[in-house]
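Read the structure below first, then the notes.
The values are calculated or read from the model by the stated rules, or taken from the named source; none is laboratory data. Please read these numbers as outputs of a predicted model, since none were measured by experiment. Heads up, the Cβs are rebuilt from the backbone with ideal geometry, glycines too, and the neighbour counts pull from every protein chain shown.
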Amino acid sequence: MTRADPDEVWRNFRALVVDRLDESRRQISEATGLPFSRVRALRRLRFGALTHAALAEATMVDRPAMTGTVDDLCARGLVVREAHPTDRRCKLVALTPAGRAMLARVDAVVPAPPPGWADAPAEDLAVLARLVDRVRAADPMPGPPVIADPVSVPSAAVRLASFSISE
């Protein structure tokens, strides 16, 4: 038996999942009553409070858009703005108990697998389960976003963290 090309297997597996994300997002929005952009922000706060700038960076939106998102989530009682412990110029955004409960609703949505999944032999699913466990152990995502937040990281560290080969 020839060895499968790991890059090709990953590309196909990723496409299988990514091509179905829109349906998953629709189901989550229906279950929560939230636009998916709000769900994305809540998920980024799962591991702790972030500044507006860090939350915008983590969700890949600009700061004004994040302000609107945070305003909406605050109005819904899902997050609060808190004083930053070391910088009076900015606020932290943190989940409320209602926000954590909403994340539990998000986590409860499990979209149906693609056609053919239920027909997979038990041995194949066991192999896939072991592979997923091995990969997650090597790279345990999801986890806290890695963000160079200028508010909480010394400026020299921010410059180093933002340095790229092209500079």
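Applying the set (1) exposed (fewer than 12 other Cβ atoms within 10 Å of the Cβ); (2) closer than 24 Å to A98 by Cβ to E23 leaves exactly one unmet item: (2). Just one residue in the set G68, G48 is loosely packed, with under 15 Cβ neighbours inside 10 Å and touching a strand residue (DSSP E or B) at 6+ places or on another chain (Cβ under 9 Å); that residue is G48.
Quick one: in region 60-110, which of the residues that are in contact with a His (Cβ under 8 Å, 6 or more places away or on another chain) and either under 21 Å from I28 (Cα atoms) or in a helix (DSSP H, G or I) (or both) is modelled with the highest pLDDT? Among those residues, the one meeting the criterion is V70. Only one residue in E57, E8 is surrounded by fewer than 18 Cβ atoms within 10 Å (Cβ to Cβ), assigned to a helix (DSSP H, G or I) and not aliphatic (A, V, I, L, M). Which one? Testing whether each residue is surrounded by fewer than 18 Cβ atoms within 10 Å (Cβ to Cβ), assigned to a helix (DSSP H, G or I) and not aliphatic (A, V, I, L, M) leaves just E8. Of the residues making up region 1-38, those that are touching a residue at least 24 places away in the same chain (Cβ under 8 Å) and among the small types (G, A, S) are S24, A31, S37.
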